[in-house]
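Please read the structure below before turning to the comments.
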Amino acid sequence: PAPPSSSAPSGLKLISTPSAPSLAASVNLPKPRRITVPAGLAGQPLRDFRKRTRRALKAEMGDAYDEKLVKFVEVGGGGGGGGGKGGKKRAMVSINELVAAENEAKVRKDADEKRSKRQKKASEKIERQQASESEKGNYVALDCEMVGVGSGGKRSALARATLVGYDGDVLLDVMVKVGEAVTDFRTKYSGVRAKDLKGSADIDLVTLQKCQKDVHGLISGKVLVGHALSNDLKALMLDHPRGMRRDTARYAPYQRKGKDGKMRPRKLRDLVAENLGGGEQWEGFQEGEHDSGKDA
């Protein structure tokens, strides 16, 4: 047959066919992406790293993204599985170790979040409860320390009484003469020693009657705040209207449920840590000898 004519018929334009190399160059094929995994990643942190990386690549490459083109390479290894030629073999970690590490990290994170929320809640609560100067005058707080008298020191006798105002300013702080022999100073908790009941320049030593009169004058008509107030009032042999008491040991939201299902008082130390947000001021609070001034 006759060879094809090199010239186009009249009115037609020849279109050249691109060669193979020029065709490949005109198509923008995505290149494989090798991602180096930071050393030490394993378990959930490793999975999170891969997930974040894939998400970033997808956003960058758009429709051209292909997960098959993404290859994660471990440090010192030749591929995503670790241990390529010339690379060091990565130490194997058991699934139990990974699970334990993840659980430990979760527990720490949850504890930190709870602590942060508790402190924030305490701070906000304190701000909401700020009273005016006139309102502050309606509140006084009481705490007493007792020593043991009688056989085995089982009976309690008043040894110290402290009253403070709304902002913690001391209204009264006295040691009280005990009318009978002290058989147990209970120093581990009361902080009271034999020398304290002999009088000193640091704190007044008064009779029980004098202490009763002074305390009664300061709490009369006021809202009385304390922890287990009935014990302190019993030691003082005084009474105070129940409607004018604010007892943190009997306040239901501050109590805990016992094994028998009944609500029980919590330690003042625990309430302080939970509601006052900790801090240097309360560091070591009630871990040893008590201080009625600080307790109040």
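Within region 204-223, is even one residue in contact with a Pro (Cβ under 8 Å, 6 or more places away or on another chain), over 16 Å from A159 (Cα atoms), part of a loop (DSSP other than H, G, I, E, B) and in contact (Cβ under 8 Å) with a residue 12 or more places away in the chain?
Within region 204-223, none of the residues are in contact with a Pro (Cβ under 8 Å, 6 or more places away or on another chain), over 16 Å from A159 (Cα atoms), part of a loop (DSSP other than H, G, I, E, B) and in contact (Cβ under 8 Å) with a residue 12 or more places away in the chain.
I want to confirm something. Restricting to region 158-170 and keeping residues that are within 34 Å of the chain's Cα centre (by Cα) and part of a strand (DSSP E or B), which single residue is nearest to K234 (Cα to Cα)?
The qualifying residue nearest to K234 (Cα to Cα) is A161.
For S156, are the conditions met, namely being at pLDDT below 85 and either in contact with a strand residue (DSSP E or B) (Cβ under 6 Å, 6 or more places away or on another chain) or surrounded by fewer than 17 Cβ atoms within 10 Å (Cβ to Cβ) (or both)?
For S156, the condition - at pLDDT below 85 and either in contact with a strand residue (DSSP E or B) (Cβ under 6 Å, 6 or more places away or on another chain) or surrounded by fewer than 17 Cβ atoms within 10 Å (Cβ to Cβ) (or both) - is not met.
Here is a yes/no grid of residues against (1) out of contact with any Asp or Glu (no Cβ under 8 Å at 6 or more places or on another chain); (2) assigned to a strand (DSSP E or B); (3) more than 14 Å from V225 (Cα to Cα):
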residue: E127; (1), (2), (3): yes, no, yes
residue: A131; (1), (2), (3): yes, no, yes
residue: S134; (1), (2), (3): yes, no, yes
residue: G148; (1), (2), (3): no, yes, yes
residue: S156; (1), (2), (3): yes, yes, yes
residue: L172; (1), (2), (3): no, yes, yes
residue: M175; (1), (2), (3): no, yes, yes
residue: Y189; (1), (2), (3): no, no, yes
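Would you mention how many residues in region 268-288 are touching a His at 6+ places or on another chain (Cβ under 9 Å) and either modelled with pLDDT of 75 or more or open to solvent by 40 Å² or more (accessible area, probe 1.4 Å) (or both)?
1
Can you tell me how many residues in region 191-203 are open to solvent by 40 Å² or more (accessible area, probe 1.4 Å) and part of a loop (DSSP other than H, G, I, E, B)?
Within region 191-203, residues that are open to solvent by 40 Å² or more (accessible area, probe 1.4 Å) and part of a loop (DSSP other than H, G, I, E, B) number 4.
The values are calculated or read from the model by the stated rules, or taken from the named source; none is laboratory data. Keep in mind it's a predicted model, so treat the numbers as computed, not measured. With ideal geometry, Cβ positions are generated from the backbone for all residues, glycine too; neighbour counts draw on all protein chains shown. Areas reflect the complete protein model, heavy atoms only, side chains present, ligands, DNA and RNA absent. Shrake-Rupley method; radii C 1.70, N 1.55, O 1.52, S 1.80 Å.
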